[in-house]
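So the structure is just underneath, and the comments pick up after that.
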Amino acid sequence: MSYSRRQFGHGLCALTALALMRTAIGGDAPASWSKDFVQPGYKPMDSDEKGLWAIMEHAESEMKTSRFLVRDSEVNSYIHGIICRLSEQYCSDERSYVLRTPYFNASMAPNGMMQVWTGLLLRCRDEAQLAAILGHETGHYLRRHTLERWRDVRSKSSFSAFLGLGLAAAGVGYLGTAADLALVASIFAFSRDQEREADDIGLRLMANAGYAPSAAPEVWDQLLAEFKGSTAARDTSVLFATHPLPEERLATLKQRADELGGNSGERGKDAFRTKLASIRPMLVADELALRQYGRSEIIFDGLLVDASDDGLLWYAKGEIYRLRNGNGDADRALSAYARALRSGNAPAEVHRSIMLVELRVGAQERAKEAYEAYAKLRPDASDLEMLQALLPSTPGP
Amino acid sequence: MIIRILLLLSLTILAGCGGYSLVKPEQQDVDGALSVQPGMEWNKVSTVNVEGKIQIWTLDGPVLNRPIFFEGVGDGEALFKPRSGPFGSAKQDEAPPVFRSNMNPFEVQELIQATVARNFQTTIVECRNLKSAQFVGGPGFRFDTKFTARDEVERKGVFVGTVRGGKLYGLWFFGAGSHYFDRYLPEFNRLIGSAKIAETAASAK
């Protein structure tokens with residue numbers, strides 16, 4: 001059975017058609033995909049749920065003061081705006097927090113607190129891809145998956161075991177306590193069936209909001225490529241440990257995305273790049289700081305496919321090779337830095353990096369030229385004195 | 001409760017502590033690599049969970065403040081890393097950043113930054129004000145550090161070091177907030193001023 005995109009446009013008629021189609025596909029989906037959603041403005045009903053919300057509210061209040069929270073108002077407004085576009089009725093029920101953590105993840109707590117990790121923002125290539133993840137997380141909220149999971153696990157063990165499940169999966173994560181606590185009762189605790197359901201809801205929300213549904217399988221495709229090609233596989237395996245098998249998930253997502261319109265819809269590439277411009281250097285630096293060169297190379301190569309004129313990404317590529325410092329890496333770094341400079345929008349630090357590589361290969365004149373270019377662009381940089389001292393036969397300041 | 005237990009466990013791992021021994025204010029040999037003259041009593045920390053050519057001291061506990069001595073880290077060696085074992089985190093199984101004997105001070109600063117980010121599992125690390133400085137009787141370098149670990153506490157610090165014979169010698173002192181850092185900075189500067197490369201280490205260069 002095939003459906004044209006028009007059938008899956010905006011509005012109630014489309015929702016009805018989607019529900020019919022989902023029923024036709026079978027599986028464990030409800031007859032109407034949104035009939036079991038929480039109501040807008042939902043508050044916890046019984047003591048179980050009230051207790052869970054109380055824990056999350058405590059975690060949320062701590063998260064608000066976390067030093068790992070990205071407080072850039074434009075970035076936060078942009079991300080929350082996407083959530084509102086995906087689920088307008090629930091706009092005031094969901095609150096997003098961007099956490100400076102260089103891994104791919106987002107999570108949703110039962111009280112509507114959503115975490116978005118900066119590693120996710122780095123990897124998304126456009127707004128539609130980010131919307132795919134945010135829609136998925138919204139799906140968890142709309143179906144009260146955390147509560148369902150909590151009751152399921154608690155009936156078999158204890159609350160502390162439930163908490164332990166989350167922490168074990170997170171590898172005692174990368175964040176502060178508040179964030180850890182929120183994670184525990186969110187993404188790592190969901191069952192694979194719940195993840196599949198959230199995938200489905202996310203796709204429908206995307207299509208209804210006018211985003212290209214094909215962005216959803218793309219994100220997973222990219223992550224899978226990173227996972228398979230990376231030496232840092234364990235980082236992503238944390239995610240795959242509790243999510244459906246990537247290949248299976250990818251196939252299902254592709255099929256459903258095609259049914260919902262495929263690549264027809266908005267991608268929001270320019271908006272994505274513009275709205276996150278203020279934090280992109282930080283996203284790149286945090287990835288590079290992990291010194292997982294193979295993985296970073298896959299990420300930046302992937303991003304460059306759609307942004308070959310991005311000086312920051314070429315600079316990042318050069319940094320991988322400079323920091324790895326293996327055979328042939330000096331040439332690779334200089335080549336990438338040259339591309340960064342040609343783009344016309346490279347960060348000033350590219351000159352400092354060129355200087356360091358030229359010094360390494362003994363090209364002192366070129367190193368000096370690069371130093372001068374850096375000093376001109378960053379006259380107040382605190383490292384100028386030491387950098388100048390690295391240049392042979394240069395008189396001191 | 002389990003969160004608190006795991007956080008404390010995590011801090012203990014980061015502290016790398018497995019016991020303490022008293023360091024008296026007299027000439028001290030640091031694992032045959034360096035020697036220093038402390039001006040007050042310190043505690044040497046037994047580093048059961050951290051490996052590397054380092055020695056850790058503390059006054060108020062390693063979570064609050066500690067100097068770390070780098071005792072001639074060689075080419076291809078990590079500055080320090082968690083010892084493999086039951087407390088090893090999954091992410092630490094990946095190859096750590098390593099020292100290269102041809103690194104200049106700027107690159108050593110980058111290495112410290114990456115090592116801190118990795119071992120303290122944080123993105124909030126800042127190294128700045130890299131300057132020339134005297135260390136172990138010769139030219140070296142010095143820079144300020146600042147990082148926030150998983151406990152959300154900001155730690156200020158100073159690293160002073162030099163590369164001799166292709167090996168990195170250094171001293172890094174950091175403390176929680178201003179109190180545990182500023183209070184002991186004069187003593188740290190005294191340690192820096194008194195530091196020498198031990199004769200045995202110098203002859204092995």
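Determine whether the range B:146-158 contains at least one residue that is within 13 Å of chain A (Cβ to nearest Cβ), under 21 Å from B:P97 (Cβ atoms), buried (at least 23 other Cβ atoms within 10 Å of the Cβ) and touching an Asp or Glu at 6+ places or on another chain (Cβ under 9 Å). The answer is no, given that none of the residues of the range B:146-158 is within 13 Å of chain A (Cβ to nearest Cβ), under 21 Å from B:P97 (Cβ atoms), buried (at least 23 other Cβ atoms within 10 Å of the Cβ) and touching an Asp or Glu at 6+ places or on another chain (Cβ under 9 Å). Condition first: on the phi < 0 side of the Ramachandran plot, outside any helix (DSSP H, G or I) and either within 16 Å of the chain's Cα centre (by Cα) or more than 7 Å from chain A (Cβ to nearest Cβ) (or both). Can you find one or more residues in the range B:111-124 that meet it? Checked the range B:111-124: at least one residue is on the phi < 0 side of the Ramachandran plot, outside any helix (DSSP H, G or I) and either within 16 Å of the chain's Cα centre (by Cα) or more than 7 Å from chain A (Cβ to nearest Cβ) (or both).
Return the residues of the range A:371-397 that are within 13 Å of chain B (Cβ to nearest Cβ) and not in a loop (DSSP other than H, G, I, E, B); say none if nothing qualifies. Break it down stepwise before answering.
First, pick out the residues of the range A:371-397 that are within 13 Å of chain B (Cβ to nearest Cβ): A:371, A:374, A:378, A:380-392, A:396-397.
Residues satisfying the conditions are A:Y371, A:Y374, A:L384, A:E385, A:M386, A:L387, A:Q388, A:A389, A:L390.
The conditions of being more than 22 Å from the chain's Cα centre (by Cα), farther than 28 Å from B:N119 by Cβ, more than 14 Å from chain B (Cβ to nearest Cβ) and outside any helix (DSSP H, G or I) are not met by A:S278.
Take the residues in the range B:61-77 that are part of a loop (DSSP other than H, G, I, E, B) and out of contact with any helix residue (DSSP H, G or I) (no Cβ under 7 Å at 6 or more places or on another chain); name whichever of them is modelled with the lowest pLDDT. Steps first, answer last, please.
We begin by selecting, within the range B:61-77, every residue part of a loop (DSSP other than H, G, I, E, B); these are B:61-64, B:74-77.
Checking the rest, the ones that are also out of contact with any helix residue (DSSP H, G or I) (no Cβ under 7 Å at 6 or more places or on another chain) come to B:61, B:74-77.
Working: B:G61: 89, B:G74: 97, B:D75: 96, B:G76: 94, B:E77: 95.
Restricting to residues being part of a loop (DSSP other than H, G, I, E, B) and out of contact with any helix residue (DSSP H, G or I) (no Cβ under 7 Å at 6 or more places or on another chain), the top hit is B:G61.
Residues that are modelled with pLDDT of 55 or more and of a type outside the set (F, W, Y) within the range A:222-238 comprise A:Q222, A:L223, A:L224, A:A225, A:E226, A:K228, A:G229, A:S230, listed in sequence order.
Among the residues of this structure, B:L64 does not count as one that is touching a residue at least 24 places away in the same chain (Cβ under 8 Å) and within 11 Å of another protein chain (Cβ to nearest Cβ).
Okay, residues lined up against (1) in contact with a Pro (Cβ under 9 Å, 6 or more places away or on another chain); (2) in contact (Cβ under 8 Å) with a residue 60 or more places away in the chain; (3) within 28 Å of B:T145 (Cβ to Cβ); (4) among the aliphatic types (A, V, I, L, M):
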site: A:M282; (1), (2), (3), (4): no, yes, yes, yes
site: A:F300; (1), (2), (3), (4): no, no, yes, no
site: A:S343; (1), (2), (3), (4): no, no, no, no
site: A:E358; (1), (2), (3), (4): no, no, yes, no
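Scan the range A:51-83 for residues that are assigned to a helix (DSSP H, G or I) and within 14 Å of another protein chain (Cβ to nearest Cβ) and the total you get is 7.
The values are calculated or read from the model by the stated rules, or taken from the named source; none is laboratory data. Predicted model, so just to flag it, every value in this text is computed and none were measured. A quick note on method: Cβ atoms are made from the backbone with ideal geometry, for glycine too, and the neighbour counts reach across all protein chains shown.
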